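One structure below.
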Protein chains: 2
Amino acid sequence: MNTAPLEGIRILDLSRLTPGAYATLLAADLGADVVKVEQPVTGDYLRTLVPAGFSYLCRNKRSVTIDLKSGSGKDVFYKLCESADVILESFRPGVCARLGLDYETVSHINPRLIVCSLSGFGQTGPYRNKSGHDLNYLGVAGALSLMGEPSGPPAHSTGIAVADFNASMFTVLSIVAAVLARERTGRGQYVDVSMTDCMASWMGRYLAERVSDESRTREAMMSRPGYDVYQCSDGTYVTLGCVEDVFWQNLISTLPVGHELQNFRSPDSRDANREKIEELLANLIAQESRDHWLDVFKASDVPAAPVNMFEEMLGDPQLRARALFIENPDEPGAPYQRFPVVFSDVSSREPVRAPELGAHTDEVLREAGFEQSVIDELRKEGAV
Amino acid sequence: MNTAPLEGIRILDLSRLTPGAYATLLAADLGADVVKVEQPVTGDYLRTLVPAGFSYLCRNKRSVTIDLKSGSGKDVFYKLCESADVILESFRPGVCARLGLDYETVSHINPRLIVCSLSGFGQTGPYRNKSGHDLNYLGVAGALSLMGEPSGPPAHSTGIAVADFNASMFTVLSIVAAVLARERTGRGQYVDVSMTDCMASWMGRYLAERVSDESRTREAMMSRPGYDVYQCSDGTYVTLGCVEDVFWQNLISTLPVGHELQNFRSPDSRDANREKIEELLANLIAQESRDHWLDVFKASDVPAAPVNMFEEMLGDPQLRARALFIENPDEPGAPYQRFPVVFSDVSSREPVRAPELGAHTDEVLREAGFEQSVIDELRKEGAV
C-alpha cells in the first residue's frame, strides 16, 4: 500500500495570497488535509484578486469560515486546534498575539501543534512590521543584484514572484521537517519563516564567489558567451547552456569549416570576446528555424532547448511524456499539475476543485464535535 | 532537549555542482550526516569551477573518495549502503544503472534506502538524455515567458540560477517527506526529481491567470505602476511594492498637494497610465536620497525597501538583527548563513569547514567496519 508522507496530518491554513497557498497545495499533494480558515464574506483576497490563480492553488483543500475577531469564532478555532497538527498563518507579526492565536496560547490547547508564521521580514528585527511584497524582499536579500540586464541598472521587476515561491518551498519543507521531528519528540514547535531570509539563503553562494574573486563583477557573473537566449529564423527562441568548456567545444564543432566563431575555441579567447561571440551566435542562429537548431545541437550534445512561451509549455513533448498536467474542469486551457516530483511509493490524489468560500464549514465543525444546531446558531450570529 | 529533524539520517551524496550541494547543505542544517562520495583525484567539479561556492555549499559535510567504476570501489559503496538512509545522485539518467548503483540493486542491499535522482529533465521522456543547465530548464518550463524586460524579447539570461535552487528545494523537501513516510511504512523508495518539472510547477498559477483573462498579456503581468525599482538621488535604489490599492493610496497620500501623480489615484486611471506614472515616480524618487524615501514610506505604510547590492546585504539592519550570518573562517567577507527558517525547538549546528577531497575516507570506512589495513590496500589500488 502506498502512503502519502503527510497522510493524517491536518493543516489549518490561515494564510492569504500566493506564498501560503502554494505551500499548502504542495502539502495537500503530499497527503495533508488542508483546511483553509477564511474570514466570513470576504475570504482570502486571492479569490477576487486573481480568481484563476486561486482556483489553481487551492484545489484539494477545504474551506471553513470563522470570524476570528469574535469570541465564539475564537472558541470554534480553539476547538479545531485540538485535532489539528499544523497552523500556518501569514498575518503581519503581532496580529496573531492580538487575536489570541499566538503559539503560547494554542500550544497550551494542544502541545503537539506546529505553528508556522510566514512573513516578509520575519517575526523579529526592525523591518518586522513593514509592509512588503516579493520585489521588496528580493531587494533586501541582495537578489536584485543578479537580476535584470547584465550591463544595465542593478535591478528590475520580474514577472515570476521568486521570493514568494521560494518562501512557499521553505514553508512546506519546514512543516514536513517539524512533523518528522515530532515523530521523535512527541511535541510541536514554533516555526518563523522570513521570506527575505529564505531569499538571502540563495545568495550566499554568489556572494562567496564575488568576494573571493575580483574579476567576478556583476556583468561577468550574469553573462557567459554561449549561455543565453537566441531568436531563430521562425521568430521562436532557443536557449544555449554552454557552461563547461566541453559543451563550448561541442558547439564549435557544429559550425561550418572556417566560421568566424572558430577563432574563439580556447577558453581564454571565449572569455575575452563575449560581445563579439554573442553577436556572431545571434546572427548564426537567426538564419535557421528552431527545429533545425535543436536537431543539430542534440546530435552534438550541446545543451540547447526550446523557450516555451506560456501555453506552448502545454504541448512540450517532455512535459507531456512526464504526465505533468492534470485536467482542470474549471479552466480547460490551464490544467492543474501533479506534485512535480515523482515518488515510487506515493500515489497521487484525485484533483478536487478549489472550494467555494466556507463550503466545508459544517463538515469540519461536525468532525470537531459540534452539533448541527450549534453550527446553525454560530452562523446566525456571524461567527462562522 | 532540542532534536534536529534529520538527526541520525545519513545521506550519501553522489551529486555534483550546485543543485545537489545546496539541497544537502539544507539537509545538513536539519541534522543529517551528509557524506559526499567523490571521484578520487578530481572530485566534485564545483571544487575547481567555483572554489568559494564549494566552500560555502559544502560546510558541515564529510568527503570520501570512491572510484565507483572499479569493482572494489563498488563493493565499498555497497557496504556504505547498508548503514545509509538516503542516496542522492545527479548523473545523467542511465549512468547509475550502468554503474550498478540503480535503485533496484541498492534497495536489495537495504530496503530502507531512499534513492533520489536529480536531473534536468527527469528519468523518463524524450529529453531525458539531453544535456542542459539552468537556462535550458527555465525555457522549457515556460519561466522565461515571465523574465526579462516587460516590453522586450520574451526571455533573457538571469544571474540567479532559479531552476537550480528551486530543484534543490524540491530535492530536500522530497527527501524529508520520504524519510517521514518511511517512519510509517518501514521502507524506502525511489524519488525522481526533474528540474524542469519543478520549475513548471511554479508556472501553473501564471498560466491559469493568463488563460482566464485575455487582458493579462506578458507586459501586463510583468509591469504594474508602483511596483518596480527606482533610483534615488544618491545613486542607490529602492523598491516599491504597491500591489493592492490600499498601498497605492498610501503612496499618493505622501505626495505634496497638487502633484501630478494625484491625477492617477483611482484604480482605473492607475492601470491605464502605466508609462506616465512610472516616469513621474522615477523623476520624483530621483530627487531625494534613499534614506529620505525609506523614512517617508515607512511613516505612511508604503511597501518600500532598499535594494542591497551584494556585500551591502551584510550590513542590512534586518538581516543582522535576524542573525542570519555566521562567520566563515575561510572567507571573512562572505559569511556562511544559518538555515534560513528559525525553529523554536531545533538548535543550529556549529559550522564546520567544507572538507578537503577525501578527508573522511578513512573515518567513514572505519565506521562501516573496514579495518585500516584493508582501507590502505584499497587506497593503493586506487579504489578509494
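Couple of notes before you dig in:
- A:Ile252 more than 7 Å from chain B (Cβ to nearest Cβ) and touching a strand residue (DSSP E or B) at 6+ places or on another chain (Cβ under 6 Å): no
- Any hit, segment A:161-184, residues being more than 8 Å from every other protein chain (Cβ to nearest Cβ), over 24 Å from B:Ser201 (Cα atoms) and at pLDDT 90 or above: yes
- Cβ pairs under 7 Å, 6+ apart, first in segment A:193-218 and more than 7 Å from chain B (Cβ to nearest Cβ), second surrounded by fewer than 24 Cβ atoms within 10 Å (Cβ to Cβ) and among the basic types (Lys, Arg): A:Arg216/A:Arg210
- Criterion (surrounded by 15 or more Cβ atoms within 10 Å (Cβ to Cβ), modelled with pLDDT of 95 or more and closer than 30 Å to B:Ala32 by Cα) met by exactly one of B:Cys198, B:Cys232: B:Cys198
- Just one of the numbered conditions (1) within 26 Å of A:Pro317 (Cβ to Cβ); (2) surrounded by fewer than 23 Cβ atoms within 10 Å (Cβ to Cβ) is not true of B:Ala220: (1).
- Exactly one residue out of B:Ala97, B:Ala167 is surrounded by 21 or more Cβ atoms within 10 Å (Cβ to Cβ) and at negative phi: that is B:Ala167.
- Within segment B:214-230, being part of a strand (DSSP E or B) and not acidic (Asp, Glu) holds for B:Arg224, B:Tyr227, B:Val229, B:Tyr230.
- Evaluated against (1) touching a strand residue (DSSP E or B) at 6+ places or on another chain (Cβ under 9 Å); (2) more than 16 Å from A:Val176 (Cβ to Cβ), A:Ala23 falls short on exactly one condition, (2).
- Condition met for A:Leu30 (assigned by TED's automatic domain parsing to the domain that holds A:Arg92, surrounded by 24 or more Cβ atoms within 10 Å (Cβ to Cβ) and under 18 Å from the mean Cα position of the chain (by Cα)): yes
- Count of residues meeting criterion [touching a strand residue (DSSP E or B) at 6+ places or on another chain (Cβ under 7 Å) and either of a type in the set (D, E, K, R) or not assigned by TED's automatic domain parsing to the domain that holds A:Ser70 (or both)] in segment A:35-52: 3
- Any hit, segment A:136-148, residues being more than 7 Å from chain B (Cβ to nearest Cβ), surrounded by fewer than 24 Cβ atoms within 10 Å (Cβ to Cβ) and closer than 19 Å to B:Ile160 by Cβ: yes
- Scan of segment B:361-384 for residues that are in a loop (DSSP other than H, G, I, E, B) and either crowded, with 18+ Cβ neighbours inside 10 Å or of a type in the set (S, T, N, Q) (or both), ordered by number: B:Phe370, B:Ala383, B:Val384
- The set of residues from segment B:100-110 being in a helix (DSSP H, G or I) and either touching a residue at least 40 places away in the same chain (Cβ under 8 Å) or surrounded by fewer than 17 Cβ atoms within 10 Å (Cβ to Cβ) (or both) comprises B:Tyr103, B:Glu104, B:Thr105, B:Ser107, B:His108, B:Ile109.
- Matching entry among A:Arg16, A:Arg92, A:Arg62, A:Arg47 (being of a type in the set (Lys, Arg), in contact with a His (Cβ under 6 Å, 6 or more places away or on another chain) and closer than 26 Å to B:Glu209 by Cβ): A:Arg62
- Pair list, Cβ < 9 Å and 6+ apart or interchain, from segment B:158-181 residues that are under 13 Å from A:Leu30 (Cβ atoms) to residues that are in a helix (DSSP H, G or I) and of a type in the set (S, T, N, Q): B:Phe170/B:Ser201; B:Ile175/B:Thr24
- B:Asp245 closer than 20 Å to A:Leu135 by Cβ, touching a residue at least 40 places away in the same chain (Cβ under 8 Å) and in contact with a Pro (Cβ under 9 Å, 6 or more places away or on another chain): no
- Filter result for A:Gly235 (in a loop (DSSP other than H, G, I, E, B), small (Gly, Ala, Ser) and more than 34 Å from the chain's Cα centre (by Cα)): no
- Among the residues of segment B:328-352, those identified as more than 7 Å from chain A (Cβ to nearest Cβ) and free of Cβ contacts under 8 Å to residues at least 12 places away in the same chain are B:Pro332, B:Glu350.
- For segment B:280-297, the set of residues classified as among the charged types (D, E, K, R) and farther than 16 Å from B:His259 by Cβ consists of B:Arg290, B:Asp291, B:Asp295, listed by residue number.
Table: residues versus (1) closer than 23 Å to A:Ser151 by Cβ; (2) without any contact (Cβ under 8 Å) to a residue 24 or more places away in the chain; (3) surrounded by 14 or more Cβ atoms within 10 Å (Cβ to Cβ); (4) within 32 Å of the chain's Cα centre (by Cα).
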{"residue": "A:Ile285", "(1), (2), (3), (4)": "yes, no, yes, no"}
{"residue": "A:Glu288", "(1), (2), (3), (4)": "no, no, yes, no"}
{"residue": "A:Lys298", "(1), (2), (3), (4)": "no, yes, yes, yes"}
{"residue": "A:Ala304", "(1), (2), (3), (4)": "no, no, yes, yes"}
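- Of the strands (runs of 3 or more DSSP E) lying entirely inside segment A:1-91, those containing at least 3 residues that are touching a residue at least 12 places away in the same chain (Cβ under 8 Å) and within 14 Å of chain B (Cβ to nearest Cβ) span A:86-89.
- Residue, surrounded by the fewest Cβ atoms within 10 Å (Cβ to Cβ), within segment B:201-214, restricted to residues that are hydrophobic (A, V, I, L, M, F, W, C) and over 18 Å from the mean Cα position of the chain (by Cα): B:Val211
For (1) within 18 Å of B:Leu365 (Cα to Cα); (2) among the aliphatic types (A, V, I, L, M), each residue gets a yes or a no:
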residue	(1), (2)
B:Lys61	yes, no
B:Leu68	yes, yes
B:Lys74	yes, no
B:Phe77	yes, no
B:Ala84	yes, yes
B:Glu89	no, no
B:Pro93	no, no
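- Residue match in segment A:303-326 (condition: at pLDDT 95 or above, touching a Cys at 6+ places or on another chain (Cβ under 8 Å) and of a type in the set (A, V, I, L, M)): no
The values are calculated or read from the model by the stated rules, or taken from the named source; none is laboratory data. Not measured: the values here are computed from a predicted model. Backbone-built Cβ (ideal geometry, glycine too); neighbour counts: all protein chains shown.
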